[in-house]
Amino acid sequence: MMDIKRLATGLDVRLACRRGEWTGPTAGLAPKYAQANVVILPREWAFDFLLFCQRNPRPCPLIAVTESGSWQPSSVASDVDLRTDLPKYRVWRDGQLVDEPTDVSNLWRDDLVSFLIGCSFTFEAALLEARVPVRHIELGRNVPMFRTNVPCVPAGRFSGPLVVSMRPLKPAAAIRAVEVSSQFTGSHGSPVHIGFPGQIGIADITKPDYGDSVPVHDGELPVFWACGVTPQAALLEAKPPFAITHAPGCMFVTDQIA
């Protein structure tokens, strides 16, 4: 298994993905560099999705949009190929998940528009520096993510529920986490909910809809941030004929300093 200490920069991670050497979650990798969720859609669906992001900036903070057919978001990274530089992708047809490849070069089309959306992994290094524990990194797991009963603001053909990521924290650490993450407005910002998961439609905190389960110990609160997997829930509703996204937790790592 690759030593994650070798993956110290965004380029390190992208090249490891391009070579097929890293196919897992990116939490904790290249800790000083911003990470991004990815949604790739046909041009005729791109305006509706752009509007969806603008109306739902907490789960969908846009950091880059490519020209049609381009796989190079040069505003956020150099030496980049969106067809190969994520650890794992999801391929959707008519709203159904059909594959999870590690390379989508053979699926690329000239009409595809790529959206890069800020990710909460970006502020985790700052949480750790503030002595806020991040359980899924401690355990070497993917972050747990949950569909909620909170609706996003519809836009054109896109609608669906807010998806959140969860990190368990003691109250004092939760306060520090709010202070730290609120500075990262391009990466979901501060939490959207703390404690009482049932109030946002989460019936069992041990059974995430995406990612891995992590324990919530006595005296800890589940702290929830808006999550960039929200567009995947919207894809299930909109059913575009074709789409590519990142696999949950498997982000695109930019050259931008977090």
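The values are calculated or read from the model by the stated rules, or taken from the named source; none is laboratory data. What you see is a predicted model, and the numbers here were worked out from it, not measured in a lab. Here the Cβ positions follow ideal geometry from the backbone for every residue, glycine too, while neighbour counts run over all protein chains shown.
For this structure, a couple of remarks:
- Taking the listed residues LEU51, LEU82, LEU97, the one that is closer than 17 Å to ALA243 by Cβ, in a loop (DSSP other than H, G, I, E, B) and at pLDDT 95 or above is LEU82, with no other qualifying.
- Failed condition for PRO241, given (1) crowded, with 17+ Cβ neighbours inside 10 Å; (2) within 19 Å of VAL38 (Cβ to Cβ): (1)
- Restricting attention to segment 125-147, the residues that are more than 17 Å from VAL192 (Cβ to Cβ) and within 14 Å of the chain's Cα centre (by Cα) total 1.
- Which numbered condition SER78 misses (of (1) of a type outside the set (D, E, K, R); (2) more than 30 Å from MET166 (Cβ to Cβ); (3) touching a helix residue (DSSP H, G or I) at 6+ places or on another chain (Cβ under 7 Å)): (3)
- Some residue of segment 106-123 being on the phi < 0 side of the Ramachandran plot, touching a residue at least 24 places away in the same chain (Cβ under 8 Å), surrounded by 18 or more Cβ atoms within 10 Å (Cβ to Cβ) and part of a loop (DSSP other than H, G, I, E, B): yes
- Test: residue in segment 62-69 that is assigned by TED's automatic domain parsing to the domain that holds ILE244, polar (S, T, N, Q) and over 30 Å from PRO191 (Cα atoms): yes
- Within segment 64-78, not a single residue is in contact (Cβ under 8 Å) with a residue 24 or more places away in the chain, out of contact with any strand residue (DSSP E or B) (no Cβ under 7 Å at 6 or more places or on another chain) and assigned to a helix (DSSP H, G or I).
- Qualifying residue in segment 148-161 (condition: under 16 Å from VAL214 (Cα atoms) and either among the charged types (D, E, K, R) or surrounded by fewer than 17 Cβ atoms within 10 Å (Cβ to Cβ) (or both)): no
Residues are listed down the side, and each one gets a yes or a no for (1) at pLDDT below 95; (2) under 20 Å from GLN54 (Cα atoms):
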{"residue": "ARG131", "(1), (2)": "no, no"}
{"residue": "VAL134", "(1), (2)": "no, no"}
{"residue": "GLY140", "(1), (2)": "yes, no"}
{"residue": "MET145", "(1), (2)": "no, no"}
{"residue": "CYS152", "(1), (2)": "no, yes"}
{"residue": "ALA155", "(1), (2)": "no, yes"}
{"residue": "SER159", "(1), (2)": "no, yes"}
{"residue": "VAL163", "(1), (2)": "no, yes"}
{"residue": "ARG167", "(1), (2)": "no, no"}
